[in-house]
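The values are calculated or read from the model by the stated rules, or taken from the named source; none is laboratory data. Small disclaimer: the values here were computed from a predicted structure and weren't measured. We place every Cβ from the backbone using ideal geometry, glycine too, and count neighbours over all the protein chains shown. Side chains included, ligands, DNA and RNA excluded: accessible areas come from the protein's heavy atoms. Shrake-Rupley method; radii C 1.70, N 1.55, O 1.52, S 1.80 Å.
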Amino acid sequence: TGSIRRFQVPLLSTGGPLTILAIAVMLNMASSVVTMAAGIPLFLDTWGTSFAVIMAGFPVGALAGILYNLIMAGTIWETSSLVFAGSSLLVAALTWWFWKKGWVDLRRPERLIAAGVLTGVANTILTVVLDMVFDIPLYSGTLAVYERILGYLGNPQAALVVMNLLVEVTDKTFCIVLAAVAATFFTVLFKREIDRGNPAPGSSPDEKNRSP
């Protein structure tokens, strides 16, 4: 898993899992708002979720995704968009699985990118199903992409699937790479605190940090 390490216990100076949770929600919100404001045809709102999974485990990542969707549905989005919390949960689950497999590692870019692509494909299936079941309007940020693809294919359903596949694969690949970079940076930045919370086998935290 490279230089990224998960917290085993709450850390005094960083707040442990609660701080990771707050950071994850803010990362999702900040990048989502910037993406919408800039008119970028992506979402970029799950890398905080993946970051939380990497740093603190699946439950914290899943909770970050749910909280993010609740906040956005109650402020910027329509309430109906809350169903996409399912996408955040799927991202959290897949990030956890790929993390356990050792794919979320900047030293193995081919596996990291593959994890993003596969996560995007899985989210495409989920998104298309949610769109059809709940009859959710197309996201304005990706509407231009859909219309361009529709012009080529002429079939609304086919255009919807292709658009979602293109957007989701690109989006989720970017997000998991960003999450891996953020987790690596966070680990390096707080290495002393992480080492204090995760002493070496056979030694206590005090022994591990005691000067020779």
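Per-residue counts of other Cβ atoms within 10 Å, averaged by peptide: what ranking do you get for 78-91, 56-69, 137-150, highest first?
Details: 78-91: 18.3, 56-69: 22.4, 137-150: 15.4.
Sorting 78-91, 56-69, 137-150 by mean packing, highest first, produces 56-69, 78-91, 137-150.
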Rounded to the nearest 0.05, what FRET efficiency is calculated for Leu150 and Ser80 with R0 set to 22 Å and r the Cβ-Cβ distance?
-> 0.45
Applying 1/(1 + (r/R0)^6) with R0 = 30 Å to the Cβ-Cβ distance of Ala37 and Phe134, what FRET efficiency is obtained, to the nearest 0.05?
-> 0.70
Find the Cα radius of gyration of segment 52-205, compare it with 2.2 N^0.38 Å by division, and give the number to two decimals.
-> 1.23
Please compute the net charge surrounding Leu118, taking Lys and Arg as +1 and Asp and Glu as -1 over other residues with Cβ under 12 Å from its Cβ.
-> +2
Accessible-area ranking of Leu165, Leu126, Leu160, Leu18, largest first, probe 1.4 Å = Leu18, Leu165, Leu126, Leu160
Just subtract the alpha-carbon distance of Arg111 and Met26 from 0.36 nm times their residue separation and send over the number in nm, one decimal.
-> 27.9 nm
Cα extents of segment 26-92 along the three principal axes, largest first, in whole Å?
-> 31, 22, 17
Of the listed peptides 33-46, 168-181, what is their order by residue-averaged count of other C-beta atoms within 10 Å, with the highest listed first?
-> 168-181, 33-46
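Counting Lys +1, Arg +1, Asp -1, Glu -1, what net charge surrounds Cys175 among other residues with beta carbon under 13 Å of its beta carbon? Let's see the in-between values first.
On the way: positive: Lys172; negative: Asp45, Glu168, Asp171.
Charge balance in the 13 Å sphere: -2.
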